[in-house]
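Here is the structure we will look at.
The numbers here are math on the coordinates, done by the rules we state, and not lab data. Just so it is clear, the model here is predicted, and its values are computed rather than measured. Note that each Cβ is placed from the backbone with ideal geometry, even for glycine, and that neighbours are counted across all protein chains shown.
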Ligand code: FPP
């Protein structure tokens, strides 16, 4: 498959992987089979991003709201994440991928929290794709934890309240260090952000597809990249003039 031209390649892609349940239902399979197929699609997408030379990929694996799903589905999902940590981290490391987990992790077992920290530590010096896994993550939670951190800094006298600006708030968010996503992809047909990276998506190009996440592959990613390459990004300004005289 042809590589997308470098100048029009997003540096950072953020994805809401939706549609696992429906994919399974269409096949008369339990929802967990859809989540397992979703994990395969995540693997394919990571590989395709590495091949394309994408700098950062952020996957929404489990939202703050997903805790409200039936208890068995939540525990099955957590089991899948624990299994994926065991089976995937060494491969990701071998491929020079840096892994980061973002979200409110205190509700997870100590073993899972330790596994996530170890994966981050193992891969922290890798300079290939940065893979952010959002797990027990909510965009509002992220803004609140950033505000809280800055408030502590102000109360401790390390910064003045009037020094709090967009740059400082961005820096206190969990994705600090990655550029804001250039391209957001949501599979599964819904057209909403669902409390994903609320602050970071301010100027992101939003791409929605009806494909269900387990069907997502390199060709589907290419379609999104082609769509992105044709977008004209203005960041609130007017279009660039055509030539120096105009
Ligand atoms: C949405 O499908 C998907 C999720 C709740 C996230 C689970 C994601 C995976 C298992 C992929 C694994 C990825 C990583 C990186 C660990 P849904 O259940 O909402 O589908 P539906 O809308 O069709 O019911």
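Look at 203, 228 and count the other Cβ atoms within 10 Å of each Cβ; fewest to most, that gives 203, 228. At full extension, residue 222 and residue 237 could sit 2.6 nm farther apart than now, given 0.36 nm per residue minus the alpha carbon distance. Expressed in units of 2.2 N^0.38 Å, where N is the residue count, the Cα radius of gyration of the range 156-198 is 1.64. In the chain, the DSSP-assigned H stretches of four residues or longer account for a calculated mean residue ellipticity at 222 nm of -13500 deg cm²/dmol, using -39500 (n - 2.57) per stretch and the full residue count as denominator. For the chain, the spread of Cα positions along the three principal axes, ordered from largest to smallest, is 62, 51, 34 Å. Springs join every pair of Cα atoms under 10 Å in this Gaussian network model of the chain, and among 37, 154, 224 the largest mean-square fluctuation is at 154. Rounded to the nearest 0.05, the FRET efficiency derived from the C-beta distance between residue 65 and residue 117 at R0 = 22 Å is 0.35.
Taking other C-beta atoms within 10 Å as the exposure proxy, 168, 234 rank 234, 168 from fewest upward. When all alpha-carbon pairs of the range 18-112 are counted, what percent fall beyond 15 Å? That fraction is 67 percent.
In this simple spin-label model, placing a label point 7 Å from the Cα along the Cα-to-Cβ direction at both residue 160 and residue 194 gives a separation of 4.4 nm.
Rg and Dmax, both from the Cα atoms of the range 89-163 and both in Å, are 15.6, 46. Of the residues 186, 36, 27, the one with the fewest other Cβ atoms within 10 Å heads the list, and the complete ranking is 27, 36, 186. Structure remark: mean-square fluctuation, Gaussian network model of the chain, C-alpha springs under 10 Å; the largest value among 83, 128, 53 belongs to 83. Build a GNM of the chain with springs between Cα atoms under 10 Å apart, and of 174, 45, 151 the one that fluctuates most is 151. Which log10 I(q)/I(0) values does the range 113-214 give at q = 0.13, 0.18, 0.22 Å⁻¹ under the Debye formula, counting every alpha carbon as one identical point scatterer? Result of the Debye calculation: -0.63, -1.06, -1.25.
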